[in-house]
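Just so it is clear, none of the values below were taken in a lab; they were calculated from the coordinates. Everything quoted here is computed from the prediction, not taken from an experiment. Here Cβ is always computed from backbone atoms with ideal geometry, including for glycine, and neighbour counts include all displayed protein chains.
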Amino acid sequence: MIARVVVDVPSGQTDRLFDYKIPAEWSHILEKGMRVVVPFGPRSIQGFVVEIIETSTVDKLKEIKDILDVTPVLTEELLKLGDWLTEQTLSYKISAYQVMLPAALKTKVEKKLVCLKPQHLPFLLQPFFEKQSIMSWNEIVETNPSLLKTIKEAVKEGLLEVEYSVKDKGKKQTHRMIECLFSKEQLVSLIDTLPQRAEKQIAIVHYFMNNVGKVPLIRLIELTDSSRSSVKALVDKGILIEKDEEFYRDPFLNEQFEQTKPLPLTEQQQQVTIPILTSIEENVHHTFLLHGVTGSGKTEIYLQVIERALSKGQEAIVLVPEISLTPQMVERFKGRFGSQVAVLHSGLSLGEKYDEWRKIHRKEVRVAVGARSAIFAPFENLGVIIIDEEHEGSYKQEEMPRYHARDVAIFRGQFYHCPVILGSATPSLETFARAKVGRYELLTLGVRVNKGPLPTVDVVDMREELRAGNRSMFSIALFEKMQDRLNKKEQMVLLLNRRGFSTFVMCRDCGFVATCEHCDISFTYHKSNHSLKCHYCGHEERMISTCPSCASEHVRFFGTGTQRVEEELGKVLPEARVIRMDVDTTRRKGAHQKLLKDFGNGKADILLGTQMIAKGLDFPNITLVGVLTADTMLHLPDFRSSERTFQLLTQVSGRAGRHKLPGEVIVQTYTPEHYSIELVKEHDYVSFFQREMFIRKNSGYPPYFHIALINVSHQELPKVIHVTEKITHFIKEQLSNEANVLGPVASPVARIKDRYRYQCMIKYKNEPALGKILREIQQHYSREVSQGELLISIDMNPQMFM
Ligand code: ADP
Ligand code: ZN
Ligand code: ZN
C-alpha cells in the first residue's frame with residue numbers, strides 16, 4: 001500500500017503530493033488525515049496522509065518512518081475543506097491543513113499513552129500499565145511495533161489515550177493559595193488576639209469565618225481589599241497556610257459561572273428564531289443574516305438555537321471577535337452550557353489552545369466559542385454555526401491561507417446541512433447585499449429587548465469649536481455632559497479612534513517629521529519610555545531633542561494618544577477616576593479582562609480607550625459615550641473606510657443606555673456632513689447601505705465587483721517595479737475586457753523593513769480563468785520566492801490595502 005503525503009514544506013515547489021510506501025505492520029493502522037514522518041531529501045519531516053492507494057507511478061519509493069497519530073487529526077470533512085481552501089485562497093495545501101490545527105501539533109512534542117481503564121485493558125498491554133498509568137509512546141511502540149494495532153483499538157474503545165505533552169515556554173503556572181484550618185468558633189476567639197488597628201487582618205479573618213476552603217491569594221486580597229503584607233502577617237502567626245498549587249490551563253476554569261436558564265423570548269425574538277429552529281430540525285442548510293440593533297437580544301437567540309442543536313445530539317460553533325471574548329461573553333455561554341463549552345482565543349498559550357482543541361477532538365465538549373480559527377473546530381456533527389459581529393475585519397486571515405471565516409462557515413454548514421447565522425447591527429455591505437437578493441435569509445430585530453430607545457446621538461463640529469476659541473480636545477457639549485455624569489455618578493466611555501492617526505513627531509521650524517529608516521512611515525511617540533517607535537517593524541529609537549534637519553530645538557509631538565487624553569482629563573476633571581485601555585495597558589495577559597471588570601465594578605467613572613472598547617461591553621451604568629475624533633479613519637486609502645467608520649460609531653453608540661437609564665452619544669468630528677457620520681445620528685443602517693452601495697457601484701468595488709490584490713516586495717526598487725509590471729501585463733492580456741487591472745502602483749505604505757512594496761489590483765465580475773492565471777504567476781516565480789528575496793502574495797478578497 002502507498003500513502004500520498006502532503007509534506008510540511010510550505011513552498012510552491014513542494015506543493016504537491018508525494019508517494020511513500022507503507023510498512024507492512026502499519027498497513028491496517030494508517031488512515032487518511034493522520035500525520036506521519038517521512039524521509040525528504042536528507043531530512044525527516046512531518047506530513048499529512050491524504051490518500052491511500054495501491055500502486056504508484058513512481059518507482060523506488062521510500063518508506064514512511066513514523067506515524068504520529070492513532071486517530072486522524074483531520075477528518076474527511078476537514079481534508080475536503082483543506083482542498084477547497086487551497087483552491088479558493090490560492091494557498092499551499094500544507095498551509096491550509098495547518099491552519100485547521102492547533103500550533104502545538106506542529107512543534108516537537110512528547111507522545112504518551114495514558115491508561116484510562118486498566119481493568120479492561122487487553123492482555124497484551126497490561127504489563128506496561130501495571131505500575132503506572134502513563135507510559136512513553138516510544139518506549140512501548142519502538143520496542144514492540146507489533147502492538148500498534150492493539151493500541152489503536154484500545155484507543156478507539158476509550159481504554160487508552162494518546163497525549164501530546166507540549167512543553168510550554170516558561171515554567172508551570174502556579175497559583176499561591178491561602179487556606180485556613182481553624183473553625184469559625186476558633187476564629188472568633190482568635191480575632192480578639194489581633195491588634196485593633198490591624199483592620200485588614202481582621203477583614204481577612206472575617207472572610208474565612210464566612211467561607212470555607214482554599215482561595216487564591218490574589219482573589220483574597222481583592223475580596224477583602226487587603227494587601228499581601230496583611231496576609232503574610234496572618235501566615236506568620238500561624239492562622240493561615242499558604243502553598244503553591246499548579247493551576248490547570250483552562251483560563252476560565254477558576255471563574256464561577258452561575259447557571260442561567262433560557263429567557264422567555266420576546267415576540268420579535270420568537271419570530272426570527274422560528275426559521276432557524278426549523279432549519280436545524282429539518283437538517284437543511286440556510287445562511288441567515290440576523291440584523292439586529294445593539295441590545296436587541298441576538299445573543300439570547302444564539303443560546304436558544306444552540307440548545308436546540310445540542311438536544312438533537314449535535315454541536316455548535318460560535319465565533320466572536322477576539323476583542324469581544326471578554327469574561328462577560330464567555331460567562332453567557334458557560335453559564336448556559338457549563339462544561340460543554342470550549343473557549344479558543346489567541347490569548348491562550350500553545351498548550352492551553354491545544355487543551356481546548358483536544359476537548360473538542362475527543363468530543364468532551366459540544367460548543368466551541370472562539371475567535372477566527374475556532375471555525376475549524378473538529379466537530380463531526382455540527383448543528384449550527386454562528387458568527388457574531390459578522391462585519392468584523394478580524395474574521396479574515398491576513399496570511400496564507402487568506403481565508404474569511406464566513407466562507408469557511410458556509411462551506412461547513414453546507415457539508416453538515418445545518419444553518420449558519422451571521423449576526424450584526426451593522427452587517428458588511430457584501431452580506432447585506434446578499435441578503436437583499438435572497439442568497440441569505442434576512443431576519444431583522446428592529447428594537448431593543450427593553451424597548452428602550454436607542455441613544456440620542458449629537459454630532460459636534462470641531463471646526464466650530466475652534467472658531468469659538470475652544471482649543472481643548474473636548475467640545476463644550478461633551479465636557480458639560482461629562483461633568484453632569486460625574487455628578488450623577490453614572491459611567492461614561494470615551495473612544496479615541498486611533499486608526500490611521502497617531503502621535504507623530506515634527507519640527508515646528510522646518511516641518512521635518514521623524515520617520516523609520518526601514519519603512520516609509522512616521523514614528524509614533526511613546527511617552528512611557530520617551531521613545532520613538534515604528535509600528536510596522538518594531539524599530540525603536542530615543543526621542544530626539546533637536547531636529548536632525550535644521551538643528552532647531554522646537555521638536556514636538558502632535559496628535560492625540562490615549563495618554564494625552566488621560567492627562568488632559570486629569571487637568572479638566574481631576575475628580576474623575578479613569579481607566580485607560582489601549583495596546584499599552586492591555587499587553588499583559590488578562591489585563592484587558594481585569595480593566596473591564598474593574599470598570600464593571602464601578603472602580604472608575606470613565607473608560608477611555610481605542611477601538612478595543614467599542615464592542616461587547618454591557619454595563620448598565622454607562623449613559624454617555626463620547627467619540628473624540630470620529631473621522632480619522634475616513635481618510636485612509638481604503639474603499640471600506642466609510643463603512644468602517646459607520647460601523648465603529650454605531651457599535652460604540654450601542655454601549656450607552658443598554659438598561660434602564662437612557663443613553664447619550666456625542667460624536668466630535670471635522671467632517672459632520674459626511675454621510676457615514678450623519679446617518680449614525682438616525683441609527684439608519686439601511687440608508688447608509690443604500691448610499692454606500694451607490695458609491696461602490698460607481699467606482700467598481702465590492703459587492704458589485706470582486707477584487708484580487710497582488711502584493712510584490714523586494715529590497716530593490718527597480719526589481720519590484722519590473723516584476724509587478726510583468727505580472728500586471730500578463731494578467732491584462734488574459735482577462736476579458738470587463739476586468740479592470742490596475743498597476744503597478746506603490747502600496748500605501750511603500751516600504752516596510754527595507755523592502756519596497758508594489759501592488760496590482762484586479763477588479764472583475766466573472767473571470768473563470770483568473771484562478772489558473774494567478775497560479776501560473778505563483779509557479780513562475782516560485783524559485784525566486786523560495787529563495788526569499790522576492791515576495792509575492794495574492795489575496796482573493798483583500799480587507800486591507802496597506
Ligand atoms: P445583543 O446581542 O443583540 O446586543 P443581548 O442578547 O446582549 O443583545 O441582549 C441585551 C440584553 O437584553 C441582555 O442583558 C440580555 O440578557 C437581555 N435579554 C435578551 N433577551 C431577553 C428576553 N427575551 N427577556 C429578557 N431579557 C432579555
Ligand atoms: Zn527642523
Ligand atoms: Zn519601521
Using Cα pairs closer than 8 Å and at least 6 residues apart in sequence, work out the relative contact order for the chain, in percent.
-> 10
With labels modelled as points extended 7 Å from the Cα through the Cβ direction, what inter-label distance (nm, one decimal) is found for H780 paired with Y704?
-> 3.0
Put a dot 7 Å past each Cα toward the Cβ at K261 and N450; how far apart are the dots in nm?
-> 2.3
Taking a threshold of 22 Å on the Cα-Cα distance, which of the pairs K732/K763; K481/K571; K261/K488; K131/K214 fall above it?
-> K261/K488; K131/K214
Averaged over all directions, how much area does the convex hull of the C-alpha atoms of region 386-504 cover when projected, in nm²?
-> 12.8
Contact order normalised by residue count of region 414-565, Cα under 8 Å, 6+ apart, percent = 16
Rounded to the nearest 5, the percent of DSSP beta bridges in the chain running antiparallel is 60
Pairs of lysine residues in region 267-445 - Cα separation under 30 Å, sequence separation of 8 or more or cross-chain | 20
Find the percent of Cα-Cα distances in the chain that exceed 49 Å, and round it to a whole number.
-> 26
With each pseudo-label sitting 7 Å past Cα toward Cβ, what's the E682-R228 distance in nm, one decimal?
-> 5.8
13 Å cut-off, amide nitrogen to a point 7 angstrom out along D509 Cα→Cβ, residues in region 537-557 | 545-556
Where the Cα atoms of region 706-795 are projected onto their three principal axes, how long is each span, largest first, in whole Å?
-> 37, 27, 19
Just tell me which lysines come within less than 21 Å, Cα to Cα, of K753; anything on the same chain fewer than 8 places away is out.
-> K533, K719
Computed FRET value (nearest 0.05) for E517 with L742, which takes r as the C-beta separation and R₀ as 30 Å = 0.50
Setting aside same-chain residues fewer than 8 positions from K21, which aspartates and glutamates have a Cα under 14 Å from its Cα?
-> E31, E51, E54, D59, E63, D66
Relative packing of 652-664, 7-19, 344-356, which averages over residues the other C-beta atoms within 10 Å, highest first = 652-664, 344-356, 7-19
Between K597 and F182, what FRET efficiency follows from the Cβ-Cβ distance if R0 is 41 Å, with the result rounded to 0.05?
-> 0.85
DSSP-defined antiparallel bridges as percent of all bridges, region 1-123, nearest 5 = 95
Taking a cut-off of 12 Å between Cα atoms, list the aspartates and glutamates near K62, but don't count ones fewer than 8 places away on the same chain.
-> D19
Using a 10 Å cut-off on Cβ atoms, rank the peptides 272-280, 589-597 from the highest mean neighbour count down.
-> 272-280, 589-597
What percent does the relative contact order of region 1-98 come to when contacts are Cα pairs within less than 8 Å and at least six residues apart?
-> 34
Stretched fully, the stretch from H206 through I721 gains (0.36 nm per residue minus C-alpha distance, one decimal, in nm) 178.1 nm
If you find the alpha carbon centre of region 273-316 and of region 446-502, how far apart are they in angstrom?
-> 36
What is the gain in length, in nm to one decimal, between H539 and Q119 on full extension, counting 0.36 nm per residue of separation less the C-alpha to C-alpha distance?
-> 145.2 nm
Peptides ranked, highest mean first, by Cβ atoms within 10 Å: ranges 790-800, 314-324 | 314-324, 790-800
